[in-house]
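Colleague: I have a structure here, written as structure tokens, and I will follow up with some questions on it.
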Amino acid sequence: MIKRNVKSCVECLLLKKGGRGIITEENHRLEQTAGGPLETERKAHTMAKVKVGVFGAYRGKCMIEMLAQYPDAELVAICDCYEPLLRECKEIADKYHAKVTLYQDFEDFFKHDMDAVVLSNYAHEHAPFAIRLLKSGRHVASEVLPTKSMAEAVQLVEAVEESGRVYAYLENYCYFPCTMEMRRLYKEGVLGEVKHAEGEYVHNCEPGWLDLTYGDKNHWRNREPSTYYCTHSLLPILHITGRRPDIVIGLENTPSERLMRVGNPRAESAMEIVRLDNGGTVKSVHGNMLREPSSVWYSLYGSKASCESDRWDAGVSALNLFDPSKSDNRTMYYPKPVVDTALSRSVATHGGGDFYTIHYFIQKILGNPEGSESIDVYEALDASMCGLLAYRSLCNGNVPIKVPNFRNQEEREAYREDYWNTFEDGPYKIINPNVPEIPDQVYEQARAKWLESQKNR
């Protein structure tokens, strides 16, 4: 069995504040003499490259390829305990002449001289590593999920606040052409106040489930409830509007026989019904339902106008806008990219969204204005807590549950010792009574099938 889990403990060097240099008196004089900013001189004095490490090489490969080319970053270290993946990453780094050190042990990786770390390890293990890295003075960019429990969420927020480091959540679906355009329209007041919005992420992973889980009953993907993976469908709506969730209700359909055959005990889909802090509503739908191509779709009904992405062919590259204030009140168009460079155009993964997650993370570290588009810890938890609490809702008869605002220290306190989750056996494990137990024989057969498939590769 391939294992990439690594235990952790605490301690390292503190990063120089903000990762920035000093604007000298001489540099200021040169600017004034020239009658304007000297970009080359400014970069030389104020924008030293951010040294970045990547933990988790499977999901991390696309970030590695981008960081190896990104002008304001220096890829310095990669860690994964699966050696063949490290070899692939070394080939990528060599392609772009990036000098990287490879590690199979996190403790060695942790000691490396780096300003920031991208966490692309197992989804339920992000928080402990993020907290440790933040406390050591490193900036952190985390893949989905941010935490596996409400208690971890409290610890993560406080680690960010106490360290003063940048925490960025790599929710790439916030950065499709249409979702970025919807955010622009909303911020400029074109849409008015959100009344109702919908987000949909339908991606049938059944055909590749054994490659993802190796037929392992205890793999984190087989222990993750359907509701937990809501950030692709919900967070873009929160990011577009700047609103936060107030109440959540969790729903899911019946467990799927076709998914259970490959050891996946989850329902085919889950849904979160969310009331926003302004009284608006959101329907968030996601799961493994049968659809081809996969569906990524967003719509927003505002007090002034409405808009939505295309349902099929154009997808999240196109936007449909209905604005009754205009004579030509219905338009469909392809928004221009916010960043149009050779590198941004070359990053195709997740509709180009992977470029923006890293781009805004680095720019926020450097203190540049565009870094404000990076998703911070509070916004990340607003969405992910909806998934955690929606599961509790459906386990308790679909009751509405209040979503706390972790910007408020008093609201955190109720969850400080709340370690309930689905991943760990013991007193903190939550079990949905509606989910049937899959016989061990199914996992044995799945494991044997996966091992057989590896012989031909």
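Colleague: Being touching a residue at least 12 places away in the same chain (Cβ under 8 Å), buried (at least 24 other Cβ atoms within 10 Å of the Cβ) and not β-branched (Val, Ile, Thr), is that true of even one residue in segment 98-113?
Modeller: yes
Colleague: To continue, here is another question. Residue under question is ALA383, and the condition is that it be farther than 20 Å from LEU156 by Cα, in a helix (DSSP H, G or I), of a type outside the set (Ser, Thr, Tyr) and at pLDDT 95 or above; does it hold?
Modeller: no
Colleague: If you scan segment 359-405, which residues turn out to be among the hydrophobic types (A, V, I, L, M, F, W, C) and either over 19 Å from the mean Cα position of the chain (by Cα) or over 19 Å from VAL140 (Cα atoms) (or both)?
Modeller: Looking only at segment 359-405, we keep the residues that are among the hydrophobic types (A, V, I, L, M, F, W, C), and these are 361-362, 365-366, 375, 377, 380-381, 383, 385-386, 388-390, 394-395, 399, 401, 403.
Of everything in segment 359-405, those that are among the hydrophobic types (A, V, I, L, M, F, W, C) and either over 19 Å from the mean Cα position of the chain (by Cα) or over 19 Å from VAL140 (Cα atoms) (or both) turn out to be LEU366, MET385, CYS386, LEU388, LEU389, ALA390, LEU394, CYS395, VAL399, ILE401, VAL403.
Colleague: Ok, one more. Does segment 81-91 contain any residue that is of a type in the set (A, V, I, L, M, F, W, C), under 26 Å from THR231 (Cα atoms) and not in a loop (DSSP other than H, G, I, E, B)?
Modeller: No, segment 81-91 contains no residue that is of a type in the set (A, V, I, L, M, F, W, C), under 26 Å from THR231 (Cα atoms) and not in a loop (DSSP other than H, G, I, E, B).
Colleague: While we're here: Within segment 327-347, is even one residue β-branched (Val, Ile, Thr) and closer than 27 Å to ARG392 by Cα?
Modeller: no
Colleague: Given the criteria assigned to a loop (DSSP other than H, G, I, E, B), outside the structural domain of LEU276 (by TED's automatic domain parsing), over 30 Å from LYS364 (Cβ atoms) and modelled with pLDDT under 95, does GLU452 qualify?
Modeller: Here the answer is no, as GLU452 does not meet what is asked.
Colleague: On to the next question. Please find, within segment 431-457, the residue that is surrounded by the most Cβ atoms within 10 Å (Cβ to Cβ) out of those that are under 25 Å from GLU152 (Cβ atoms) and free of Cβ contacts under 8 Å to residues at least 60 places away in the same chain.
Modeller: Quick first cut of segment 431-457, residues under 25 Å from GLU152 (Cβ atoms) only: 431-433, 435.
In the following step, the residues that additionally are free of Cβ contacts under 8 Å to residues at least 60 places away in the same chain were identified as 431, 433.
Working: ILE431: 10, PRO433: 7.
Across segment 431-457, the extreme among qualifying residues is ILE431.
Colleague: Sort through ILE240, ILE247, ILE273 and tell me the only one that's out of contact with any helix residue (DSSP H, G or I) (no Cβ under 9 Å at 6 or more places or on another chain) and in the same structural domain as TYR391 (by TED's automatic domain parsing).
Modeller: ILE247
Colleague: So, of the residues in segment 336-350 that are over 14 Å from the mean Cα position of the chain (by Cα) and outside any loop (DSSP other than H, G, I, E, B), which turns out to be surrounded by the most Cβ atoms within 10 Å (Cβ to Cβ)?
Modeller: Applying the filter and picking the extreme gives SER344.
Colleague: Step by step: first the residues of segment 110-169, then only those that are among the hydroxyl-bearing types (Ser, Thr, Tyr) and out of contact with any His (no Cβ under 8 Å at 6 or more places or on another chain), then the one that is nearest to ASP376 (Cα to Cα). Which residue is that?
Modeller: Only one residue fits best here, namely TYR169.
Colleague: Now for a separate question. Give GLU188, GLU91, GLU161, GLU83 a once-over and let me know the one that is over 25 Å from LYS364 (Cα atoms), among the acidic types (Asp, Glu) and without any contact (Cβ under 8 Å) to a residue 12 or more places away in the chain.
Modeller: GLU91
Colleague: Something else about it: Provide a single number: the residues in segment 388-414 that are of a type outside the set (A, V, I, L, M), assigned to a loop (DSSP other than H, G, I, E, B) and closer than 26 Å to VAL435 by Cα. Lay out the reasoning, then the answer.
Modeller: Kept after step one, since they are of a type outside the set (A, V, I, L, M), are these residues of segment 388-414: 391-393, 395-398, 400, 402, 404-413.
Filter once more, keeping what is assigned to a loop (DSSP other than H, G, I, E, B): 396-398, 400, 404-408.
From what is left, the residues that are closer than 26 Å to VAL435 by Cα are 396-398, 400.
So the answer is 4.
Colleague: Would you call TYR214 in contact (Cβ under 8 Å) with a residue 24 or more places away in the chain, among the aromatic types (Phe, Trp, Tyr) and surrounded by 22 or more Cβ atoms within 10 Å (Cβ to Cβ)? First the steps, then the outcome.
Modeller: Working: in contact (Cβ under 8 Å) with a residue 24 or more places away in the chain: yes; among the aromatic types (Phe, Trp, Tyr): yes; surrounded by 22 or more Cβ atoms within 10 Å (Cβ to Cβ): no.
So TYR214 does not fit the description; no.
Colleague: Name the residue that is surrounded by the most Cβ atoms within 10 Å (Cβ to Cβ), counting only residues in segment 404-430 that are of a type in the set (Lys, Arg) and free of Cβ contacts under 8 Å to residues at least 40 places away in the same chain.
Modeller: Among those that are of a type in the set (Lys, Arg) and free of Cβ contacts under 8 Å to residues at least 40 places away in the same chain, it is ARG407.
Colleague: Let me ask something else. Do we find that ALA130 is touching a residue at least 40 places away in the same chain (Cβ under 8 Å), among the aliphatic types (A, V, I, L, M) and at negative phi in this structure? Can you show your working first?
Modeller: Values: touching a residue at least 40 places away in the same chain (Cβ under 8 Å): no; among the aliphatic types (A, V, I, L, M): yes; at negative phi: yes.
Judged against the criteria, ALA130 is not a match.
Colleague: Hey, does segment 141-158 have a residue that's closer than 30 Å to SER294 by Cα and in a helix (DSSP H, G or I)?
Modeller: Scanning segment 141-158 turns up no residue that is closer than 30 Å to SER294 by Cα and in a helix (DSSP H, G or I).
Colleague: Sort through ARG132, ARG184 and tell me the only one that's basic (Lys, Arg), in a helix (DSSP H, G or I) and either modelled with pLDDT under 95 or under 26 Å from TRP420 (Cβ atoms) (or both).
Modeller: ARG132
Colleague: Tell me yes or no: at least one residue of segment 188-207 is at pLDDT 95 or above, basic (Lys, Arg) and not in a strand (DSSP E or B).
Modeller: For segment 188-207, residues at pLDDT 95 or above, basic (Lys, Arg) and not in a strand (DSSP E or B): absent.
The values are calculated or read from the model by the stated rules, or taken from the named source; none is laboratory data. In this text the structure is predicted, and so the values were computed from the model without any measurement. In this analysis, Cβ positions are derived from the backbone assuming ideal geometry, glycine residues included, and neighbour counts consider all displayed protein chains.
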